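The values are calculated or read from the model by the stated rules, or taken from the named source; none is laboratory data. Predicted model, so just to flag it, every value in this text is computed and none were measured. Glycine also receives a Cβ, built like all others from the backbone with ideal geometry; neighbour counts cover every protein chain displayed. Ligands, DNA and RNA are excluded from the accessible area calculation, which covers all protein heavy atoms including side chains. Shrake-Rupley method; radii C 1.70, N 1.55, O 1.52, S 1.80 Å.
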Amino acid sequence: MNYGPLDLLVIQPSPFCNIYCSYCYLPERSNTNKIKPETVEKLMERVVEANLIDKEVTIVRHAGEPLAVPLSYYKKYFSIINSNTPRQVKIKHSIQTNGMLVTDEWCRFIKENGISIGLSIDGPAFLHNKNRVTRAGKGTHAKALEGAALLQKNNIRFHIIAVITAESCNYPDE
């Protein structure tokens, strides 16, 4: 049986998340371990050896909070990925974030590397803050919007994903 071509590869940089969403399915979101550079290297080697990528592949950093992993790790990861991918393959990078750790330094890196950004915002504050809370139980909506504003200030386009709950279905316009 043949597989491929692969057009989407999801990598979880760390199980750690800086917030504590009530609906989160990750059991180890307090674990601060990070994916090892040699794991990323082996992953890319195997994907290329198996001929799973053709002309283009999107690599998404998702689950946990990807921006909780230091920028220095991403610089190393990107270098490993680029050096282990055939020249004719276009790599698109994407990060799904809760937006709370966006900084000007992250914005520079995002722009320099053409990274696609997705923000996780579950609608207006009264809906978002019911489930997306800090470890102390406080809402995260305002901080997520600060991250969105910083991305906008740096002319970085982003998309939004939202978890739809039974309650949020009662407020489709909001």
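Go through (1) of a type in the set (D, E, K, R); (2) part of a helix (DSSP H, G or I); (3) without any contact (Cβ under 8 Å) to a residue 24 or more places away in the chain and name the single condition K76 misses.
(3)
Which one of these is β-branched (V, I, T), over 27 Å from R108 (Cβ atoms) and open to solvent by less than 50 Å² (accessible area, probe 1.4 Å): V60, V40, V47, V69?
Of the residues listed, the single one that is β-branched (V, I, T), over 27 Å from R108 (Cβ atoms) and open to solvent by less than 50 Å² (accessible area, probe 1.4 Å) is V47.
Taking region 25-37, which residues are closer than 23 Å to P86 by Cα and either open to solvent by 60 Å² or more (accessible area, probe 1.4 Å) or not in a loop (DSSP other than H, G, I, E, B) (or both)?
Correct list: K36, P37.
N98 is checked against (1) at pLDDT 95 or above; (2) closer than 15 Å to L8 by Cα and fails just one. What number does that condition carry?
If we test N98 against (1) at pLDDT 95 or above; (2) closer than 15 Å to L8 by Cα, just (2) comes out false.
Of everything in region 97-131, what is open to solvent by less than 20 Å² (accessible area, probe 1.4 Å) and polar (S, T, N, Q)? Give them in sequence order.
Those that are open to solvent by less than 20 Å² (accessible area, probe 1.4 Å) and polar (S, T, N, Q): T97, N98, S120.
Could you tell me which residue of region 124-135 is nearest to Q96 (Cα to Cα), considering only residues that are at pLDDT 95 or above and part of a loop (DSSP other than H, G, I, E, B)?
R132
Please go through (1) under 22 Å from A166 (Cβ atoms); (2) crowded, with 19+ Cβ neighbours inside 10 Å for G139 and return the number of the only condition it doesn't satisfy.
With respect to (1) under 22 Å from A166 (Cβ atoms); (2) crowded, with 19+ Cβ neighbours inside 10 Å, G139 is out only on (2).
Just name the residue that is nearest to G139 (Cα to Cα) out of those in region 7-24 that are surrounded by fewer than 16 Cβ atoms within 10 Å (Cβ to Cβ) and of a type in the set (A, V, I, L, M).
V10
For R108, state whether it is under 20 Å from I59 (Cβ atoms) and out of contact with any strand residue (DSSP E or B) (no Cβ under 6 Å at 6 or more places or on another chain). Walk me through it before giving the result.
Values: under 20 Å from I59 (Cβ atoms): yes; out of contact with any strand residue (DSSP E or B) (no Cβ under 6 Å at 6 or more places or on another chain): yes.
In short, yes.
Restricting to region 127-136, what's the tally of residues that are more than 14 Å from V163 (Cα to Cα), over 19 Å from the mean Cα position of the chain (by Cα) and touching a residue at least 24 places away in the same chain (Cβ under 8 Å)?
So the first thing to find is which residues in region 127-136 are more than 14 Å from V163 (Cα to Cα), and the list is 134-136.
Among the residues that remain, those that are also over 19 Å from the mean Cα position of the chain (by Cα) are: 135-136.
This time we only want the ones that are touching a residue at least 24 places away in the same chain (Cβ under 8 Å), so: 135.
Of the residues in that region, 1 qualify.
I81 passes all but one of (1) loosely packed, with under 12 Cβ neighbours inside 10 Å; (2) touching a helix residue (DSSP H, G or I) at 6+ places or on another chain (Cβ under 6 Å); which number fails?
Only one criterion is unmet by I81, namely (1).
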